[in-house]
Amino acid sequence: MIKTTIIDKNCIYGQGVEILKWNSKDADVYSQSKEYVDTAVVPLIAISTGDQFKSIVSKGECTELIASELERQLKGRVFLFPPFSYIKNDNQVIESLKKWKNEIGETFHHVIFLTTEEEWKQRETEVKDDVICIPNIPLEHMDESLKKKLVQDQIEQILNILLQYWNKS
């Protein structure tokens, strides 16, 4: 069962800090500490080259920054997976997402998908609480100090949700 959580705050911005992500070096780190790393974070990113191309790219950028910053702050507890990319308006996306969740869930106790795509709010009944929807913030022209403030505000929101997940288990 896939679940959705919606956050009505801001986007996160992360800067070049080492994170546990999808590469050989971090796979080794994970193997040595997998009893502590129980949460998989998967950015959920739409793909479309139509009229809204730049908007969709911006949303994907924001989603990846959120995921990276979340992993950076929770290093040792979460592992950042490569994005689950899907074609916007694909009717099979829910089935594919369930397959990803099942595969990753064989190793990780918690599987969290992060997105800034509003369409997931309408899919709540299909995906429940495993998808965390965060409003998109256009980062392109944003001041660095504002980005940093938004980072901390957003991390606090997501941490509250993750703490609820972790406390249930």
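The values are calculated or read from the model by the stated rules, or taken from the named source; none is laboratory data. Given the structure is predicted, the values throughout are model-derived calculations rather than measurements. Note that we place each Cβ from the backbone using ideal geometry, even for glycine, and neighbour counts take in every protein chain shown.
Scanning the range 143-164 for residues that are over 15 Å from the mean Cα position of the chain (by Cα) and in contact (Cβ under 8 Å) with a residue 12 or more places away in the chain turns up LYS147, LYS148, LEU150, ASP153. Of all residue pairs spaced 6 or more apart or on separate chains, those with beta-carbon atoms under 9 Å, a first member in the range 99-110 that is within 16 Å of SER169 (Cβ to Cβ) and a second member that is among the polar types (S, T, N, Q) and in a loop (DSSP other than H, G, I, E, B) are HIS109/SER169; HIS110/SER169.
Within the range 154-169, being modelled with pLDDT under 85 and either farther than 15 Å from GLU71 by Cα or touching a His at 6+ places or on another chain (Cβ under 8 Å) (or both) holds for one residue alone: SER169. Scanning the range 1-60 for residues that are surrounded by 11 or more Cβ atoms within 10 Å (Cβ to Cβ), at pLDDT 50 or above and among the charged types (D, E, K, R) yields LYS21, ASP26, LYS34, ASP38, LYS59.
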